[in-house]
Structures are given as C-alpha cells and as structure tokens.
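Asks: Here it is, the structure in full.
The values are calculated or read from the model by the stated rules, or taken from the named source; none is laboratory data. In this text, all values refer to a predicted model and were calculated from it rather than measured experimentally. Quick reminder, even Gly has a Cβ in these numbers, built from the backbone with ideal geometry, and neighbours come from all protein chains shown. Calculation scope for accessible area: heavy atoms of the full protein, side chains included, ligands and nucleic acids excluded. Shrake-Rupley method; radii C 1.70, N 1.55, O 1.52, S 1.80 Å.
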Amino acid sequence: MSTAPTPLWLLAELTYKCPLQCPYCSNPVDYATHGKELDTEDWIRVLTEARKLGAAQLGLSGGEPLARTDLEDIIREGRKLGYYTNLITSGIGMDEDRLDNFKVAGLDHIQVSFQASSEELNNWIAGTDSFQHKLDMAKAVKAAGFQMVLCFVTHRENIEQIDQMLDLSVQLNADYVELATTQYYGWAFLNRDVLMPTREQVIEAERQTNVFRDERMPSHMKTFYVVPDYFEKRPKPCMSGWGSLFLVVTPDGKALPCHAARQLPGINFPNVREHSISDIWHGSEAMNKFRGFEWMTEPCRSCSEKEKDFGGCRCQAYMFTGDPANTDPVCDKSPHHDLIDQAAKVSQKPTEKTIVFRNPKNSRRESITT
C-alpha cells in the first residue's frame with residue numbers, strides 16, 4: 001500500500017464521441033477501437049469512491065460530454081457528493097433548456113472552446129459549422145449565471161488571431177481566458193509538423209497577451225497564456241507529478257494519471273469496472289510506477305529541481321526516447337534535448353503534409369512515436 005497523496009482532481013472523460021474533428025484533439029489517435037463506455041451507474045460509483053478519497057474538483061469532458069444523455073444525472077450526483085463541477089465543452093449539443101437543467105443539477109463552472117476568433121477559420125478547424133452556435137451558447141452561459149472559461153487552442157493556423165480572440169473574450173464577458181498553445185499529444189502529435197507555430201509567432205502572441213493584460217483587460221477577467229513545451233528549457237511539472245493530484249477515468253473505464261498515459265508500453269492500467277478507486281490509486285502498479293522520486297534516472301535523480309518539475313512528462317519522454325523513465329527531453333539537462341530542438345526546427349520548414357482531422361475513419365491509425 002502506497003502513501004499516495006489525495007487525488008484532488010478527478011477528470012471524467014465521459015465519451016470519445018464528438019461532433020467536431022479538431023486536428024489537435026488530446027483523445028487517443030485510435031479512440032474508435034476502444035471498448036464500451038461506462039454507464040451511469042459506473043460513473044456514479046467512480047464519483048462516490050473518488051470523493052471518499054478526498055477528490056474535490058470534478059471535470060466532465062470527452063470527446064464532447066454533451067453527447068451523454070445522462071450528463072445531468074452525473075452533474076446532480078457530483079453536487080450531492082460535494083464536488084466543484086466543471087463542464088468542458090464545445091457547446092455543441094447545448095441549448096438554453098439544457099443550461100437550465102445544468103443549473104438545477106448544481107453545475108458550477110463551464111469551459112467553452114473556440115477554434116478561432118473568425119467564423120470561417122473556426123468552422124474549418126472544427127470540421128463543422130459551429131461558430132455561431134458557440135457564440136450563442138457562450139452568451140447563454142453568462143446569462144444563466146455560470147462562471148465561464150473561454151479556451152482557444154492555438155497553433156500555426158490561428159495564433160495570429162490572438163488579439164481578436166482576446167477581443168472576443170471581452171465581448172462575451174468571459175471570467176477566464178485560456179490561450180493554450182497546442183501541446184503535442186494524441187492527434188496534435190500526429191499533426192505536429194503542420195500545426196506547430198514558429199518561435200516568432202509564439203513570442204509575438206505572448207507579447208500581445210501581455211499588452212492586453214496591461215491596457216484593456218477587464219478587472220474581473222484572468223488570462224492565461226500557455227507556451228508549448230518545444231520552446232522551453234525546463235519541462236512542465238506534469239500533473240504535479242505522476243499519481244500525485246490528478247486522476248483521469250476514460251470512457252471505457254481505464255484509470256490514468258494523465259490524459260495521454262495509456263500510450264505507454266508495458267503498463268497495465270487498471271479498469272474501474274474491475275477495481276475500486278482506492279485500490280487503483282493506492283495499490284496499482286500503474287499509479288505507483290513513476291510516483292515520487294525513486295524511479296528517476298540521471299540527470300533527474302541528482303537534480304536540485306526534481307521537486308519542482310518531477311522529471312517532466314513521462315509520455316513526452318517515451319514519444320521521443322522510447323523510454324518513459326528518461327528525463328523529459330524538453331529539459332536542456334537531458335542528453336536527448338537535441339531531439340526537441342530537431343523536432344521544432346523540422347516543424348518550421350515548409351511541408352507537403354496535410355492535416356489529419358479527428359474522426360472515426362482516421363482513428364484507426366495507431367499511435368506514432370518519434
């Protein structure tokens with residue numbers, strides 16, 4: 001039995017179904033091959049067991065969680081159990097009546113995603129005519145009294161709209177704005193050479209964000225700008241450490257320490273249909289695999305910064321080096337850091353590759369490693 005900390009954040013990935021086809025989606029590239037979704041009773045048991053362990057924040061995501069007809073029931077149970085509940089959605093599948101139902105059920109917070117600030121580009125990236133409905137739903141979210149995050153995942157195709165994205169956020173009276181430069185996992189990794197912005201674009205977007213904060217950001221609003229790993233010298237403290245604070249349960253019941261972990265070889269991630277959340281969190285080999293510091297290799301093991309970044313991302317280490325126990329190659333102390341530099345440089349060059357959009361036909365592809 002481990003002495004693991006409390007899993008404060010439970011992310012319930014309710015479904016991989018989604019009406020959008022975003023080419024940067026964090027869902028597994030082979031999502032269409034995965035098993036049957038958990039039913040309502042399964043999810044309520046997961047929520048109950050995780051709450052007993054101390055989980056306090058519940059994220060409801062997908063795919064598109066609005067595709068679940070039992071979403072209101074799951075929200076209602078989350079409120080009854082004492083969670084702070086956050087719906088992460090494209091807005092497609094929502095209307096004012098359903099928003100009212102969410103309010104009655106006890107939902108606290110809604111994050112609405114946009115693919116761009118312009119209708120034409122948003123609809124092209126999403127693969128569907130969704131922009132006007134997103135606008136309507138963002139306004140309805142605020143009218144219903146919810147706290148609202150607007151999330152823009154930025155990449156080469158839309159990053160030069162940063163100013164317009166921020167202006168749209170003011171227009172829609174967002175409480176939080178997340179400008180999340182694409183992180184290259186799942187479909188985004190498959191499309192990396194097409195999506196990655198130039199270093200100059202990333203720097204300019206950050207500059208524009210800072211000018212917005214200083215000159216015209218409303219006092220109630222908070223804005224977050226996320227720089228892609230490939231342009232950093234130190235890795236992010238991925239999920240505050242493996243099996244530390246964050247627990248993901250996938251649509252088919254796999255329990256993971258992060259969204260992308262199921263791609264890692266040689267790890268048998270337990271299923272909530274077969275094991276309790278307590279047994280999974282404390283006792284499973286998977287959750288203990290990279291927990292703490294004993295697993296670390298050099299240079300992480302003797303690094304003075306290991307308690308800040310926990311060695312970085314295990315998935316990124318695997319994708320670049322083939323070994324998830326290696327130092328995240330984003331770190332410039334890693335002997336594999338040149339692989340990150342090479343990938344960034346390759347992605348700056350003109351390419352004949354075309355974007356692979358997320359849809360069931362394309363999801364038959366297997367995950368790809370560098």
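Asks: Determine, from the Cβ-Cβ distance of SER278 and ASP73 and an R0 of 30 Å, the FRET efficiency 1/(1 + (r/R0)^6), rounded to the nearest 0.05.
Replies: Calculated value: 0.80.
Asks: Could you state, as a whole-number percent, how many of the C-alpha pairs of region 311-370 are farther apart than 15 Å?
Replies: 59 percent
Asks: Once you have the Kirkwood Rh of region 1-78 from its Cα pairs, apply Stokes-Einstein at 37 °C and 0.692 mPa s and quote D in µm²/s.
Replies: Answer, rounded: 237 µm²/s.
Asks: If I take all pairs of Cα atoms in region 213-370, what percentage of them are more than 28 Å from each other?
Replies: When all Cα pairs of region 213-370 are counted, 34 percent exceed 28 Å.
Asks: I would also like to ask the following. Mind checking the log10 I(q)/I(0) for region 107-178 at q = 0.12, 0.14 Å⁻¹? Debye, one equal scatterer per Cα, no solvent, two decimals.
Replies: So the normalised log intensities work out to -0.28, -0.39.
Asks: Another question about this same structure. Calculate how large, on average over all directions, the projected area of the Cα convex hull of the chain is; give the answer in nm² to one decimal.
Replies: 17.6 nm²
Asks: Now a separate question. Straight-line reach from LYS361: which aspartates and glutamates have Cα under 15 Å away, leaving out those fewer than 8 places along the same chain?
Replies: ASP30
Asks: Hey, what number do you get for the chain at 222 nm if only DSSP H runs of n ≥ 4 count, each worth -39500 (n - 2.57), divided across all residues, to the nearest 500?
Replies: After summing the helix terms and dividing by residue count, I get -9000 deg cm²/dmol.
Asks: Then there's this: Probe radius 1.4 Å, ligands and nucleic acids left out: which of HIS336, HIS155 has the largest accessible area, and how do the rest follow?
Replies: Sorted descending by solvent-accessible area, the residues read HIS336, HIS155.
Asks: Further question on the same structure: Ignoring ligands, DNA and RNA, what percent of the accessible area of the chain is carbon or sulfur (1.4 Å)?
Replies: 49 percent
Asks: Could I ask something else about it? Run through region 223-288 and list the trypsin sites (Lys or Arg not before Pro) located in a DSSP loop whose Cβ has at most 13 other Cβ atoms within 10 Å.
Replies: Those satisfying the criteria are LYS233.
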